[in-house]
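Note sheet for the following structure.
The values are calculated or read from the model by the stated rules, or taken from the named source; none is laboratory data. From a predicted model like this one, the values you see are computed outputs, not experimental measurements. Every residue, glycine among them, receives a Cβ derived from its backbone with ideal geometry; neighbour counts consider all protein chains shown.
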């Protein structure tokens, strides 16, 4: 992307937010191209030109996702409004984690749009500042998502071991299988968020942990892992929905 230094890498820093109009296929292809291209540039001098072209393709895929996400604000707003303060949530810790996560995600979108418009010279504002704020919000969202997944997973395992004073074997088989499937889903969410979190920290300003230290292939690897895990989770959810349907 043209514009500022932060904007150059920002097209790849769109992680797993609540909606994904960028399409899983585009995300996966973008990160795979970055992984392969980065490896070719660093490890295969005779194929470095191919690697550079793949990195260009990766940047275009990720830029495409940024543009597509211009239409996500309304969907995010509807979701946030429906959840509200989470009064139907049984676990108060999950409730407030979700509320904070929704607020973070809601703020993420306009920040991204402003940063994109600044890169495109549509708005005369400091694009570096807006991309940094955008990355910080993404990082916070991923942290909240990881904590939420870990907490849910631990609570479910606790119920399986000793649900209300009974043994797990006394649970109905269908309920036990549903809880086990939910635990597996939360594990995938946790691992996916952690992979994206590694990239999010990399895109923060230098001096923050490992910010700016990842080579392109490692960014591609983390993104590819996250994309594959998210795809696996979506496939499992689809199968579960079919199994539960009458």
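State yes or no: is residue 103 part of a loop (DSSP other than H, G, I, E, B), touching a helix residue (DSSP H, G or I) at 6+ places or on another chain (Cβ under 9 Å) and modelled with pLDDT of 95 or more?
no
What are the residues in segment 214-246 that are modelled with pLDDT of 90 or more, over 17 Å from residue 142 (Cβ atoms) and outside any helix (DSSP H, G or I), if any?
215, the sole residue that qualifies.
For the structure I just gave you, tell me whether residue 67 is in contact with a helix residue (DSSP H, G or I) (Cβ under 9 Å, 6 or more places away or on another chain) and at pLDDT 85 or above.
For residue 67, the condition - in contact with a helix residue (DSSP H, G or I) (Cβ under 9 Å, 6 or more places away or on another chain) and at pLDDT 85 or above - is met.
List every residue pair whose Cβ atoms lie under 9 Å apart, where the two residues are 6 or more positions apart in sequence or sit on different chains, the first residue falls within segment 70-87 and is over 18 Å from residue 108 (Cα atoms), and the second residue, located anywhere, is loosely packed, with under 13 Cβ neighbours inside 10 Å and modelled with pLDDT of 90 or more.
As it stands, the answer is 86/92, since those pairs meet every condition given.
Do we find that residue 179 is in a helix (DSSP H, G or I), surrounded by fewer than 19 Cβ atoms within 10 Å (Cβ to Cβ) and modelled with pLDDT of 95 or more in this structure?
The answer is no for residue 179.
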